[in-house]
Every structure is written in structure tokens, then in C-alpha cells.
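Report on one structure; see the data block that follows.
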Amino acid sequence: MENQKVFNRGFVVLGAILIQLALGAIYAWSVFTPSLKAAGWSSENTQWVFALGLASFALFMVFAGKKLNSWGPRTLSWLGGIVLGAGYLLAGIFGGTSFTALLILIGLIGGMGIGFAYVVPIAVGMRWFPDKKGMITGLAVAGFGFGAMLWVKLAGSWGHLIENLGLSATFTIYGIAFAAMVIIGGFWMKFPPADWKPEGFEANTAIKDSPVVSSKDFTSNEMLGKVQFYLIFFTFVFSAGAGLMSIGLMKLYPMQALMESGISETAASAISGTAMAVFFSLANGLGRILWGLMSDKLGRRRSIIIMTAVQGITVILFTYMAGNEVLLYLGATLIGFNFGGNFALFPTITADTFGAKNVGQNYPFVFLAYGVGGIFGPILGGKMGDLNNFALAFTISGVAVLIGTLLIVFVKKPKD
């Protein structure tokens, strides 16, 4: 019987990674923008599709969380895969390069599909791995991060899909692939029996004795009435906002800083591109796994304190690092590593603080912080960039992240 339990848990991991690899499609949007700009799109229009995708993702994730128990995780993941796949498939067949069509099909409908499916592997994984919540969450959301790189490379420098087949055919292929991966992964998305626990779980007190861990499973309405929710929420807003602002400026600002330090435009473009495509991206994926694993040992609150403190200091110092190739790579690695950690640590501190049983319903409300940070962080970077004062943007963001560090210190076990 124990071998059967382990067998089931292993397939939960496989299914979670498979689903999240497909859902990472939203971060691959940038690979399509050069072709759309060549077709007459403005830069602003390309960002509207991405922004609507993020907003749709976050909002429909709240709806999915409410339906998780009544519809079941397998049905919800299948629905997400079908909707996501249909959005890209229809974009390939009918969308062409129409702004309105792609805004609706990829932005709204694609984001909706991601929102339906995203919370499923996190909620299911935590139920099967109550002893290793950080590990399973880190592995699942790492799939999301690495998935973005996979789809970018297949469309671009590895598979040359856009170059060889065109934009519409690439959308069509991706739509079929996304739906197939999420549907296959969804077969293993089911909750364990209500009284099931892994062997030896009771002996694992490393996290159970943490000052933030509650023995009660709070409903979403109960959670929204607790100060702990707002401390966690605003810490996530500041941390996500700084990371998303850095993503938006990671090519533009270092390129300017490198040229000001005497490096040619061609070399500066190559260096800043490497900082984003290699150092930031790889660290982003690894940070999700490693922060998850470390939090199983250190505890979630302590891990977030360390992560945000290092992130805040690095973001502030980035203005001194961006003009030096070696320091730029170091800064991009640290910012990417800690940005990735958000997606492993905030689901798990939500589960620890408000109960793992309802994390599928509760985490979507916490994840709305990512949407808020996704609005204010990039807008701040864009406004300061127009004023040619990137340094102020990074300083403001870094200070905000350090404020988040202070907020998370006050998170304690909520009272019943």
C-alpha cells in the first residue's frame, strides 16, 4: 500500500510540472512581439495583450479557487487546458495579426485558461506532500518559469517556428500543445483521501512548530478578516512589483549604463541580452525550486525575510551594477533568483498560516498581489525611464521590498 501511495505522489509531481510547463506560455509573449511590430503594431499594443493576459490570469484564478472543491481538480485543470489551447488555436486560425482578435483570444481567453489551471497543481501537490510543501510547490511553479524559456526558444532560436512557419501556424501548434499537456497532466490531479498522511509525517515537526503555522483551516472570508493576510499580500505586492519592473528594464537600462561606461552599442546589447535571457531566466527557474526546498528547512516566514532583504538591497544596488558586465550578471542572477522564490514561498506561507486544506481557495486572493505589483512596478519603471532616471525607479522599488521585509516579520499564527 505504501508503494502505491509513493507511486501516486510521483505522478502528481509529473502532472504538476507538465501542466505548469504549458501555462508558462504567458511569459513567452515577447517572442511574438517583433513579428507583430513588423506588421504595424505599436509597442504599447503588444503590451496590452500581455497586461490583459496577466489580469485575466489573476482574476479567473480567484474564480477557479472557489470552484476547486465542487468541480474537482481534474475537471478544472482540463477546462483550463481546453480554454488556453482554444485561445491560441483560434488565434492561429482566425486571429492573424489583428490587434482586437489577439487581445481577446490570447490576452483574455488565454489568460482565463491559465487562471483556471494554475492553482490546481499547487493545491493538489500540497495535499499529497504535507511534509514537503515547499518542495512540491517549487517544482510545480518552476515548470511555469522554465516553460516560458521552452516556448520562446522553440518559436525562435531553437525551433525557428515563426521564421519557418509564420506567426499563425506557431499559434496553432502552441494551442494544440498547451491543451494536450494540461489534459495529460490533469489525469493525475486528484486529492488524496481525507485522512491520508505520508508515512512518518507526524514526526516531521520542522515546520509544524513554526510561529506562523495554524492548526485551523480558515475559509477565504475568515482569511480576508485577518491582518496576517494583508501583511502577506503587501509584501508580495512589493516583491513582485520590483521583480516585474526589473524584467521590463533588464535589457534597456543595462544597455544604456554599459554604453555610458564606454562599451559599444553592439556589445552592450549582447551583454544586456545575455543578462536577461540567461542569468535572470535560469536563476528565476532555479529560485522557485531552491527557495521551496530551503523553506521546508528554514520555515516560510524566515525564508521570505531573507529573500526580500537580499532582493531589496540588490535592487537598490543595481544602479551601481548595471554598467559593469560581471556585476550586471551577478545582479540579474540575484534578482531573478529571488523573484522566482516568490512563487514558491507565498503559496506555502498561505497554506501554513491559513491551512493547507483551503489553499486552493485562499491563495488566489493572495496572488492578486502579483497583479497589483504587475501594474505599479512596470508603470513606475516606464515613468522613470521617460524621465531618464532609472536609478530612482530601482531605489524606490528596493526600498518598497525592504518595507515588505518588515511587514512579514509581524506575521504570526492567526487567532481562531
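The values are calculated or read from the model by the stated rules, or taken from the named source; none is laboratory data. Being a predicted model, the structure only gives us computed values, none of them experimental. Here Cβ is always computed from backbone atoms with ideal geometry, including for glycine, and neighbour counts include all displayed protein chains.
Things to note:
- Every test in (1) assigned to a helix (DSSP H, G or I); (2) modelled with pLDDT under 95; (3) not charged (D, E, K, R) is passed by Ser239 save one, and that test is (2).
- For the residues Thr333, Thr319, the requirement of being at negative phi and modelled with pLDDT under 95 singles out Thr319.
- Checked against (1) of a type outside the set (A, V, I, L, M, F, W, C); (2) surrounded by 15 or more Cβ atoms within 10 Å (Cβ to Cβ); (3) more than 15 Å from Phe234 (Cα to Cα), Gly398 passes all but a single condition, namely (3).
- Considering the stretch 219-267, and only residues there that are under 22 Å from Asn358 (Cα atoms) and among the polar types (S, T, N, Q), the residue that is surrounded by the fewest Cβ atoms within 10 Å (Cβ to Cβ) turns out to be Asn221.
- Scanning the stretch 286-300 for residues that are at negative phi and surrounded by fewer than 24 Cβ atoms within 10 Å (Cβ to Cβ) gives Leu286, Ile289, Leu290, Leu293, Met294, Asp296, Lys297, Leu298.
- Verdict on Val152 being of a type in the set (A, V, I, L, M) and surrounded by 17 or more Cβ atoms within 10 Å (Cβ to Cβ): yes
- Index of the failed condition, Phe144 passing every other in (1) within 14 Å of Ala28 (Cβ to Cβ); (2) in contact with a helix residue (DSSP H, G or I) (Cβ under 6 Å, 6 or more places away or on another chain); (3) aromatic (Phe, Trp, Tyr); (4) surrounded by fewer than 24 Cβ atoms within 10 Å (Cβ to Cβ): (4)
- Test for Gly113: is it surrounded by fewer than 24 Cβ atoms within 10 Å (Cβ to Cβ) and either within 17 Å of the chain's Cα centre (by Cα) or not acidic (Asp, Glu) (or both): no
- Residues located in the stretch 380-391, provided they are out of contact with any Gly (no Cβ under 6 Å at 6 or more places or on another chain) and either surrounded by 14 or more Cβ atoms within 10 Å (Cβ to Cβ) or not assigned by TED's automatic domain parsing to the domain that holds Ala240 (or both): Leu380, Gly382, Met384, Gly385, Phe390, Ala391
Rundown of residues vs (1) of a type in the set (S, T, N, Q); (2) buried (at least 22 other Cβ atoms within 10 Å of the Cβ), yes/no style:
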residue: Val13; (1), (2): no, no
residue: Gln20; (1), (2): yes, yes
residue: Phe32; (1), (2): no, yes
residue: Ser35; (1), (2): yes, no
residue: Gly53; (1), (2): no, yes
residue: Leu59; (1), (2): no, no
residue: Gly65; (1), (2): no, yes
residue: Ser70; (1), (2): yes, no
residue: Leu84; (1), (2): no, yes
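- Options Ala270, Ala322: the member that is in contact with a Leu (Cβ under 6 Å, 6 or more places away or on another chain) and either farther than 19 Å from Gly145 by Cβ or surrounded by 22 or more Cβ atoms within 10 Å (Cβ to Cβ) (or both): Ala322
- Of all residues in the stretch 315-335, those satisfying the criterion of being polar (S, T, N, Q) and farther than 19 Å from Leu345 by Cα are Thr319, Asn324.
- Residue match in the stretch 192-201 (condition: crowded, with 16+ Cβ neighbours inside 10 Å and at pLDDT 90 or above): yes
- Highlighted here are the helices (runs of 4 or more DSSP H) found entirely within the stretch 103-173 that include at least 3 residues which are free of Cβ contacts under 8 Å to residues at least 12 places away in the same chain: 161-165.
- Condition check for Ile104: closer than 19 Å to Trp151 by Cβ and over 18 Å from the mean Cα position of the chain (by Cα): no
- Neighbours by Cβ (under 6 Å, 6+ apart or cross-chain): first from the stretch 266-277, in the same structural domain as Gly331 (by TED's automatic domain parsing) and assigned to a helix (DSSP H, G or I); second surrounded by 14 or more Cβ atoms within 10 Å (Cβ to Cβ) and acidic (Asp, Glu): Ile271/Glu325
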